[in-house]
Amino acid sequence: MDELHEHRVGRAAFLSVLGAGAAGILFGNRIASVLGGPVASVGSVFPKAVQNVAGDLIPNGWRIYAINPPWPVFQPASYTLQVDGLVRKPVTLRWEQFAALPSVDQTTDFHCVTGWSVDHVHWRGVRLQTLWDLVEPLPSARYANFVSMERQYVDTLSMKQTTLPDVMLAHTMDGQPLPREHGAPVRLIIPEMYGYKNVKWLKRITLTHDLHPGYWEQNGYDVDAWVGHSNGY
Ligand SMILES: Nc1nc2c(c(=O)[nH]1)N[C@H]1C(S)=C(S)[C@@H](COP(=O)(O)O)O[C@H]1N2
Ligand SMILES: [Mo]
């Protein structure tokens, strides 16, 4: 089965396939990435997948994803956001320093590659350009790597993508501090791309010359996850 079709198989269909015991034949060695695609958690993939289908819808349309539960805990006194790599002036910002940076507001839609969306999410946060003005990226910097407090979760944007109009580091969601399940204290928001680019529980941004594909991209998803144009719905 080719990649496009694989991603278009709905989860209900997929689970019935599992029931029929044919999943291994249909999905081969990509079974883990389908089950664990930006859909499910790692670990015991079968129970988690069922749990995700049945269990973690929350009222306003979001599904809460984490690859390595339990969710990280934000501790304001010890939290830092580190910005380093190919920059002239690396910084490590304490929470109150980050929170004091100029913030902007936007209302944008959020799309997961697996087919769900939440429209009109109100975010408040810091534009990446504000950080770049602080750290002064070197001309050799071509990618920004966004590292989560959640172990192994990382994603990447080209430097050019980091300053697209609606890209931000969001610390406020619908008027409230970003909730723990949505990535407290700060997550990347890039509405132009699918959800898996929107790294939660952000702790570090490292600028590099070479591309280091993100967590789901190492499992077959597109690096350029443009909504409507990449390997989602
Ligand atoms: N650290 C971390 N960030 C993550 C994920 C994750 O599992 N861990 N999942 C991604 C995916 S696939 C989606 S669709 C969104 C879901 O955001 P939500 O959990 O706030 O609904 O978070 C993205 N960011
Ligand atoms: Mo996703």
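The values are calculated or read from the model by the stated rules, or taken from the named source; none is laboratory data. Just so you know, these numbers come straight off a predicted model, no measurement behind them. Glycine also receives a Cβ, built like all others from the backbone with ideal geometry; neighbour counts cover every protein chain displayed.
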*Could you list, in sequence order, the residues of the stretch 131-145 that are surrounded by fewer than 16 Cβ atoms within 10 Å (Cβ to Cβ) and without any contact (Cβ under 8 Å) to a residue 40 or more places away in the chain?*
Asp133, Pro139
_Subset of the stretch 178-187 [surrounded by fewer than 20 Cβ atoms within 10 Å (Cβ to Cβ) and more than 8 Å from ligand 1 (Cβ to nearest atom)]_ = Pro179, Arg180
*Can you work out which of the residues in the stretch 188-233 that are hydroxyl-bearing (Ser, Thr, Tyr) and more than 10 Å from ligand 1 (Cβ to nearest atom) is surrounded by the most Cβ atoms within 10 Å (Cβ to Cβ)?*
Thr206
*Within the stretch 69-95, how many residues are closer than 18 Å to Glu181 by Cβ, touching an Asp or Glu at 6+ places or on another chain (Cβ under 9 Å) and either aliphatic (A, V, I, L, M) or at pLDDT 95 or above (or both)?*
3
_Leading residue by the ranking (nearest to Ile189 (Cα to Cα)) among those in the stretch 151-165 that are of a type in the set (D, E, K, R) and loosely packed, with under 15 Cβ neighbours inside 10 Å_ = Lys160
*Residues of the stretch 92-117 being surrounded by 16 or more Cβ atoms within 10 Å (Cβ to Cβ) and touching a residue at least 24 places away in the same chain (Cβ under 8 Å), which ones?*
Trp95, Phe98, Ala99, Leu101, Ser103, Gln106, Thr108, Phe110, His111, Cys112, Val113, Thr114
*All but one of (1) over 19 Å from Asp84 (Cα atoms); (2) surrounded by fewer than 20 Cβ atoms within 10 Å (Cβ to Cβ) hold for Trp123; which doesn't?*
(2)
*Return yes or no: is Ser78 in a loop (DSSP other than H, G, I, E, B), under 13 Å from Leu207 (Cβ atoms) and of a type in the set (S, T, N, Q)?*
no
_For the stretch 117-130, check the following and say yes or no: at least one residue is away from ligand 1 (no atom under 16 Å from the Cβ), in a strand (DSSP E or B) and more than 22 Å from His212 (Cα to Cα)._
yes
_Qualifying residues in the stretch 107-142 (those that are farther than 21 Å from Arg94 by Cα and among the hydroxyl-bearing types (Ser, Thr, Tyr)) - the one farthest from the chain's Cα centre (by Cα)_ = Ser140
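Yes or no, residue by residue, for (1) farther than 21 Å from Val113 by Cα; (2) within 16 Å of ligand 2 (Cβ to nearest atom):
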{"site": "Met168", "(1), (2)": "no, no"}
{"site": "Gly175", "(1), (2)": "yes, no"}
{"site": "Pro179", "(1), (2)": "yes, no"}
{"site": "Tyr194", "(1), (2)": "no, yes"}
{"site": "Lys203", "(1), (2)": "yes, no"}
{"site": "His209", "(1), (2)": "yes, no"}
{"site": "His212", "(1), (2)": "no, no"}
{"site": "Asp224", "(1), (2)": "no, yes"}
